[in-house]
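Asks: Okay, handing you the structure first.
Bear in mind these aren't lab numbers, they're just calculated from the coordinates by the rules spelled out. It should be emphasised that the depicted structure is a prediction, and the values quoted were computed from it without experimental measurement. Neighbour counts run over all protein chains shown; Cβ positions are idealised from the backbone, glycine included.
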Amino acid sequence: MTQNKLPKWFEGTKYTKGNIVTNIFSGEEYYLNRNELSIYDFIMGAQYTIDVIYEGCWSNPEVSTIQKDMIKGLDWFRKTNSRAYMVLLD
């Protein structure tokens with residue numbers, strides 16, 4: 001499996017190995033390579049931060065920054081591996 005390059009803006013954790021990820025709602029599993037897993041965890045971490053740390057307060061200016069980065073991650077994922085995106089994030 002090819003390793004897609006991480007985007008230049010990405011400053012999150014960069015994994016050295018891929019892993020199987022399970023959609024928490026459907027139970028479907030999908031193998032992500034190391035870079036896809038890095039972006040996936042970044043997206044999930046951003047969502048957690050917004051929902052739990054900021055209690056879903058979308059009017060908070062800090063949430064706006066997190067949301068913009070999360071959207072960049074979602075866009076990257078959708079373009080890089082649309083099948084995994086559909087299984088895990090859609």
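Asks: Quick one: net charge of Val63's neighbours, Cβ under 14 Å, K/R +1, D/E -1?
Replies: Net local charge, Val63 excluded: -3.
Asks: Let me ask something else. Express in nm, to one decimal, how much length is gained between Ile24 and Ser59 on full extension, taking 0.36 nm for each residue of separation and deducting their alpha carbon distance.
Replies: Taking Ile24 through Ser59 to full extension adds about 9.9 nm, to one decimal.
Asks: Rounded to the nearest 500, what is the chain's calculated 222 nm mean residue ellipticity when only DSSP H runs of at least 4 contribute -39500 (n - 2.57) each, over all residues?
Replies: After summing the helix terms and dividing by the residues of the chain, the value is -15000 deg cm²/dmol.
Asks: Nearest 10 degrees is fine. How inclined is helix 34-48 to the longest principal axis of the chain, computing both from alpha carbons?
Replies: 20
Asks: Further question on the same structure: Name the residues whose placed amide hydrogens come within less than 5 Å of the amide hydrogen of Asn19, ignoring near sequence neighbours (fewer than 5 apart) on the same chain.
Replies: Leu32
Asks: Can you give the angle from 0 to 90° between the axis of helix 61-80 and the longest principal axis of the chain, with both taken from C-alpha atoms, to the nearest 10?
Replies: It is inclined by approximately 20 degrees.
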